[in-house]
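Read the structure below first, then the notes.
The values are calculated or read from the model by the stated rules, or taken from the named source; none is laboratory data. Source: prediction; values computed, not measured. Cβ placement follows ideal geometry from the backbone for every residue including glycine, while neighbour counts extend to all protein chains displayed.
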Amino acid sequence: MPQLVTSYPAPDGAEAGLQVAAQVREMRRARHLSQRQLAGRMLVPRTYISKIENGKAIPTLGSLERLATALGVEVRRLVRDARSRREEEVDAILSDPFLAEIAPLLPHLDSLHRTLFLGAVRDTATGRRWTA
């Protein structure tokens, strides 16, 4: 299978904090929880959740564990970096049998054949018919 994931530099502390912030906010919203509700589950002030989500506070490992428990996820889901998110996206795409079958073939196509192939797939998916 072709390697579809590129390397990313390790984030510095501030960037890592922003990634945790975005993950916490996204997961809280996906679970339809307010900051107050999440804070209640963690037994912390609502302002602490706000600071985490705004990148003004980086949670300790203990706080990350409590956040993960309160959100019903594993800690690793809160601290994913860009590379691990990209790997998960690629895995999700390649879980489709059709895409997994054609992915190794794509590097062997020149630009003309890639364009023709993409056009044929797009036309088929949108219901357009080829006319001679």
Original post:
Quick check, is L38 in a helix (DSSP H, G or I) and touching a residue at least 40 places away in the same chain (Cβ under 8 Å)?
Top reply: no
Within the range 45-62, is even one residue at pLDDT 95 or above, over 22 Å from the mean Cα position of the chain (by Cα) and not in a helix (DSSP H, G or I)? yes
Of the residues in the range 57-83, those that are among the polar types (S, T, N, Q) and surrounded by 15 or more Cβ atoms within 10 Å (Cβ to Cβ) come to S63
Contact list, first residue from the range 9-34 and closer than 21 Å to R66 by Cα and at pLDDT 90 or above, second anywhere and of a type in the set (A, V, I, L, M) and part of a loop (DSSP other than H, G, I, E, B), beta-carbon distance below 8 Å, six or more apart or interchain, is M27/V73
Exactly one of L67, L38 is in the same structural domain as A21 (by TED's automatic domain parsing), closer than 15 Å to Q19 by Cβ and out of contact with any Asp or Glu (no Cβ under 9 Å at 6 or more places or on another chain), and that residue is L67
Here the residues within the range 83-105 that are part of a helix (DSSP H, G or I), farther than 30 Å from Q19 by Cβ and in contact (Cβ under 8 Å) with a residue 12 or more places away in the chain are none
